[in-house]
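Participant: First, the structure itself, so that you have it in front of you.
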Amino acid sequence: MSTVALIEYEDASPEVRAVYDDIREVRQTDFINNFWKGLANNPAQLSRTWEQIKAVMAPGAIDAMTKEMIYVAVSVANACEYCIHSHTAAARAKGMTDEQHGELLAIIGLAHQTNGLVSALQLEVDDAFKA
């Protein structure tokens, strides 16, 4: 259950509707997900977050599918179920195959395991890695 009301388009202020319209246009969809509907309780934060996402997730040196896969990995590390689902769907929409998803999960699992071991062992970072 949400801790805030979800603001639907028809109930939104003009400022929120403008962000929703931009999301629809940029993403070429009529779907506004619950993340945005929840953030709409604070229109300034909604706008700021949307602008940040557009900038960071825009085409760049890292391709769009890889960006979504990185987002999945960080979402797993942060235990954000919502983000895991939404960014897995986005990665699949951008071409991620079942095989790539399986490898991604293997990498995430391995990183969790080895991170845990390093943390438990309290190892000093090798000087060669600090260069």
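The values are calculated or read from the model by the stated rules, or taken from the named source; none is laboratory data. Only a predicted model underlies this, so the values are computations on that prediction, with no experimental measurement involved. Ideal geometry is used to build each Cβ from the backbone, glycine not excepted, and the neighbour counts take in all protein chains shown. Only protein heavy atoms, including side chains, enter the accessible area calculation; ligands, DNA and RNA are left aside. Shrake-Rupley method; radii C 1.70, N 1.55, O 1.52, S 1.80 Å.
Participant: Go through the stretch 59-77 and give me each residue that's of a type in the set (Gly, Ala, Ser) and part of a helix (DSSP H, G or I).
Facilitator: Pass one, the stretch 59-77, residues of a type in the set (Gly, Ala, Ser): 60-61, 64, 73, 75, 77.
64, 73, 75, 77, listed by residue number.
Participant: Next question, about the same structure. For the stretch 78-93: of the residues being over 22 Å from residue 62 (Cβ atoms) and assigned to a helix (DSSP H, G or I), which is least open to solvent (accessible area, probe 1.4 Å)?
Facilitator: Restricting to residues being over 22 Å from residue 62 (Cβ atoms) and assigned to a helix (DSSP H, G or I), the top hit is 82.
Participant: How many residues are of a type outside the set (S, T, N, Q) and open to solvent by 90 Å² or more (accessible area, probe 1.4 Å) if we restrict to the stretch 94-125? Write out each step before concluding.
Facilitator: Taking the stretch 94-125 first, the residues of a type outside the set (S, T, N, Q) are 94-96, 98-99, 101-112, 116-118, 120-121, 123-125.
If we keep only those that are open to solvent by 90 Å² or more (accessible area, probe 1.4 Å) too, we end up with 94, 98-99, 103, 107, 110, 112, 117, 121, 123-124.
Number satisfying all stated conditions: 11.
Participant: Looking only at the stretch 69-95, how many residues end up being in contact with a helix residue (DSSP H, G or I) (Cβ under 6 Å, 6 or more places away or on another chain) and within 23 Å of residue 113 (Cβ to Cβ)?
Facilitator: Within the stretch 69-95, residues that are in contact with a helix residue (DSSP H, G or I) (Cβ under 6 Å, 6 or more places away or on another chain) and within 23 Å of residue 113 (Cβ to Cβ) number 11.
Participant: Sticking with this one: Which of the residues spanning the stretch 24-77 are small (Gly, Ala, Ser), open to solvent by 50 Å² or more (accessible area, probe 1.4 Å), more than 29 Å from residue 108 (Cα to Cα) and in contact (Cβ under 8 Å) with a residue 24 or more places away in the chain?
Facilitator: Matches in the stretch 24-77: none.
Participant: Here's something else I'd like to know. Is the stretch 43-59 home to any residue that is under 29 Å from residue 99 (Cβ atoms) and over 12 Å from the mean Cα position of the chain (by Cα)?
Facilitator: Checked the stretch 43-59: at least one residue is under 29 Å from residue 99 (Cβ atoms) and over 12 Å from the mean Cα position of the chain (by Cα).
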